[in-house]
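The values are calculated or read from the model by the stated rules, or taken from the named source; none is laboratory data. Note that this is a predicted model, so its numbers are computed, not measured. Every residue, glycine as well, gets a Cβ built from its backbone with ideal geometry; the counts of neighbours run over all protein chains shown. For accessibility, only protein heavy atoms count, side chains too; no ligands or nucleic acids. Shrake-Rupley method; radii C 1.70, N 1.55, O 1.52, S 1.80 Å.
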Amino acid sequence: KMTQQMRDLQLAQARKPPGPSSPNAAKRLYRNLSGKFRVNYTSFDEGSLAGRGEKEKLRKSYLFQSNAALFEAVELQDLDRVQELLKQYSPEELDLNTPNSEGLLPLDIAIMTNNAPIARALLQAGGKESPHFVSLESRSLHLSTLVREAEQRVNELTAQVVNEAPNTDCSEKEKQLKAWEWRYRLYKRMKAGFEHARVPDAPTNVHLSVASSSSVQVTFWEPLSVNSAVVTKYKVEWSCSPTFSPRLGEAVIDKLKNLHFTIRGLVSGTAYYVQVSAYNMKGWGPPQASVPPFAIPSNWREYDGRAPRRRGQAEALDHLLGQVKTVHQHCVCHEPCKNQPQSRKHSVSKSLKHLFHPGSKFLKTLKRGLYLTAIFYKDDNILVTHEDQIPVVEIDDTYSCLLMQDFLWFTKVSCMWDEILWLRQCVTVSQSSCSCILQTRFKMLLASLQMQGLLGIQDLGQVFFEPVKDKQGNILIVTLKEVKTNQTFESVRWVPICKLQTSRKSVSSPEEPTALDTLLISIQDKLAYHQRSSHALSPGLYLGYLKLCSAVDQIRVLVPERLPNILCHVKIRSNPNISREEWEWLQKMASVEEPIPAEPEAETSQNHLFQELQVAIKELMTLVNIPLQEAKDFRLYSQEVLDFGGQVSFLLLLPPSDDVCTAPGQNNPYTPRSGFLTLPLQIFELGEER
């Protein structure tokens with residue numbers, strides 16, 4: 001069969017222009033492919049059916065040439081070109097796993113020439129080994145056939161070149177001879193690489209951990225020695241017996257970007273043993289048992305049968321809100337709204353036209369009072385009115401000081417922008433009380449409705465954690481929202497932030513800037529805060545540092561500036577689950593009187609957690625700038641593990657009980673110097689929920 005393939009290849013070469021005669025010629029071929037074909041590809045008339053047919057033909061030809069270029073790059077061991085092609089085309093477009101006329105795939109050539117970097121690049125792109133190599137014997141026979149037939153072809157061409165007189169045909173024969181001599185050397189190198197290789201050593205650092213009450217996770221590293229052949233897959237096996245007899249299951253991992261595997265569907269409370277082995281073209285290497293040797297699926301809640309803290313809370317709140325709405329729906333204040341649709345949706349492009357309508361009631365300047373401003377931004381641009389002003393509406397022109405409780409109440413309102421109208425109507429019912437607090441909050445709702453109506457957008461975004469104030473008695477409540485759509489809006493002006501900052505004419509002195517000037521000066525910091533506060537942590541178990549400070553009307557919590565919606569923290573490990581055995585050990589550690597409890601036994605999950613905690617505590621103390629000797633009285637919060645969505649969990653490190661919350665005027669020895677800020681506790685809780 002291989003002989004017939006080679007004959008067909010020779011016949012095809014006789015019918016078409018000859019291929020590259022040398023590695024340098026091959027390089028020139030695939031280096032110029034992109035530019036040469038792309039120009040013609042985009043030159044066809046899209047409206048022409050014939051043009052589309054020709055275009056499709058050219059596209060297929062282009063992709064065929066790209067596939068040939070990939071083979072040439074692998075054969076020439078050109079890593080840069082291989083990476084470029086893998087980035088430029090999908091595996092399907094490259095026919096990455098379609099054998100060539102010799103029955104080889106790009107990955108076969110890479111591993112048999114022992115080119116580890118190219119092999120890894122192909123593996124990460126989804127490259128496979130040829131399905132023809134079902135055994136060592138079949139691979140050896142295939143390589144021997146390639147070498148023999150290439151040698152035969154070289155001999156035939158050599159005889160023809162020697163015996164024929166110099167002419168054009170002879171020149172073509174010499175080019176073919178050089179190409180076949182180069183291919184003969186490649187096949188010999190592949191055959192020698194296969195014969196020299198041995199099965200790989202066992203994987204290293206095979207670590208087993210409990211992922212949940214019904215699963216365990218195994219992580220591992222590459223073998224120290226692959227024995228002259230690239231590892232292309234791994235096998236994970238598990239059993240309830242340390243001898244792996246019987247074996248309960250196995251899984252083959254051929255996606256090698258992340259070397260880990262989660263075994264699911266296990267029985268809680270049962271010990272499972274796990275081992276991992278590596279594979280190369282010579283076969284499977286010896287297995288490596290995990291450390292610890294077994295794991296028991298469990299969760300820390302099983303220690304005392306504790307239910308999740310927030311189970312059913314969201315449903316209960318929704319039910320309560322529904323009951324409140326039912327009570328109020330027959331009130332007189334709701335009569336004008338019965339004929340209105342329940343949910344009025346505005347397209348952003350249409351509604352934003354209101355910004356520039358002559359009847360807009362956005363304010364140009366501030367007088368003494370309380371105001372609401374909405375900042376919409378996209379990339380480095382900000383949305384402004386037709387007079388190049390940030391949208392501002394008045395809340396109360398007689399309000400000279402903002403009570404913190406009113407502000408915190410408004411931040412909670414921002415979590416339900418679509419219910420503002422309903423809330424305003426509910427507050428109207430109680431207007432007879434005429435309380436100062438109620439009137440202020442009613443005006444906040446009116447201003448929110450006015451802003452929503454002028455913008456035509458319900459969601460005004462997230463409230464910045466503190467108002468902007470000036471010495472003239474102006475107070476600005478700021479909301480921030482990022483517009484991520486790429487749609488272009490009619491009659492809407494997006495202005496670069498830097499241009500707005502430089503073009504605005506200030507009416508205040510640098511010593512006493514107005515609230516609007518202060519907002520513009522600090523707008524970059526506020527946008528950065530807004531973007532960072534929406535970032536999420538990667539899955540894992542974290543160690544958090546809880547530090548509070550109190551004032552007359554609020555409690556504030558210490559957070560890092562780079563991630564203000566999360567406590568100061570460091571990552572302990574990628575597995576967020578705490579097993580029952582680990583939690584039991586933590587409980588014992590929390591109950592002992594000695595500062596440092598006895599170290600757990602080696603090769604146990606508890607010992608591994610102990611070592612991870614030691615590293616994490618040192619890293620966390622360095623982060624918050626607290627000397628280790630001052631942290632000797634710190635303690636782990638042992639009442640529960642803080643769970644956030646099942647993918648992120650926290651253990652808390654607390655200062656001594658008297659220093660968890662610092663009172664006003666009290667010396668605070670456990671607060672870092674820079675890179676951190678303190679948020680009102682209610683703001684932090686809202687950010688955490690978002």
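Values for this structure:
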{"item": "Residue in the range 105-113 that is assigned to a helix (DSSP H, G or I), over 27 Å from L70 (Cβ atoms) and either in the same structural domain as A68 (by the TED database) or under 46 Å from the mean Cα position of the chain (by Cα) (or both) present", "result": "no"}
{"item": "Subset of the range 450-487 [within 33 Å of the chain's Cα centre (by Cα) and of a type in the set (G, A, S)]", "result": "G456, G461"}
{"item": "Residue within the range 128-137 that is more than 30 Å from the chain's Cα centre (by Cα) and outside any loop (DSSP other than H, G, I, E, B) present", "result": "yes"}
{"item": "Yes/no for L76 being modelled with pLDDT of 90 or more and over 31 Å from the mean Cα position of the chain (by Cα)", "result": "yes"}
{"item": "Enumeration of residues in the range 611-638 that are touching a Leu at 6+ places or on another chain (Cβ under 7 Å), open to solvent by 90 Å² or more (accessible area, probe 1.4 Å) and more than 28 Å from V291 (Cα to Cα)", "result": "R635"}
{"item": "Per-region count, the range 513-535, residues among the aliphatic types (A, V, I, L, M) and either free of Cβ contacts under 8 Å to residues at least 24 places away in the same chain or in the same structural domain as G645 (by the TED database) (or both)", "result": "2"}
{"item": "Candidates K255, K235, filtered to the one that is of a type in the set (D, E, K, R), surrounded by fewer than 20 Cβ atoms within 10 Å (Cβ to Cβ) and part of a strand (DSSP E or B)", "result": "K235"}
{"item": "Number of the condition not met by F261 [criteria: (1) under 30 Å from A125 (Cα atoms); (2) in a helix (DSSP H, G or I)]", "result": "(2)"}
{"item": "Residue in the range 538-548 that is open to solvent by 40 Å² or more (accessible area, probe 1.4 Å), closer than 25 Å to F465 by Cα and at pLDDT below 90 present", "result": "no"}
{"item": "Tally, over the range 434-465, of residues that are on the phi < 0 side of the Ramachandran plot and open to solvent by 10 Å² or more (accessible area, probe 1.4 Å)", "result": "20"}
{"item": "Index of the failed condition, S649 passing every other in (1) open to solvent by 40 Å² or more (accessible area, probe 1.4 Å); (2) under 28 Å from G305 (Cβ atoms); (3) under 26 Å from the mean Cα position of the chain (by Cα)", "result": "(1)"}
{"item": "Check on V267, over 30 Å from R139 (Cβ atoms), among the hydrophobic types (A, V, I, L, M, F, W, C) and in a loop (DSSP other than H, G, I, E, B)", "result": "yes"}
{"item": "Filter result for E172 (assigned to a helix (DSSP H, G or I), without any contact (Cβ under 8 Å) to a residue 60 or more places away in the chain and closer than 27 Å to L76 by Cβ)", "result": "no"}
{"item": "Selection count where residues are open to solvent by less than 40 Å² (accessible area, probe 1.4 Å), in contact with a Lys or Arg (Cβ under 7 Å, 6 or more places away or on another chain) and not in a loop (DSSP other than H, G, I, E, B), scope the range 280-325", "result": "1"}
{"item": "Candidate set from the range 492-517 (those that are open to solvent by 20 Å² or more (accessible area, probe 1.4 Å) and touching a Ser or Thr at 6+ places or on another chain (Cβ under 9 Å)); member that is modelled with the lowest pLDDT", "result": "V492"}
{"item": "Residues that are touching a helix residue (DSSP H, G or I) at 6+ places or on another chain (Cβ under 6 Å), surrounded by fewer than 19 Cβ atoms within 10 Å (Cβ to Cβ) and within 21 Å of N258 (Cα to Cα), drawn from the range 84-125", "result": "P117"}
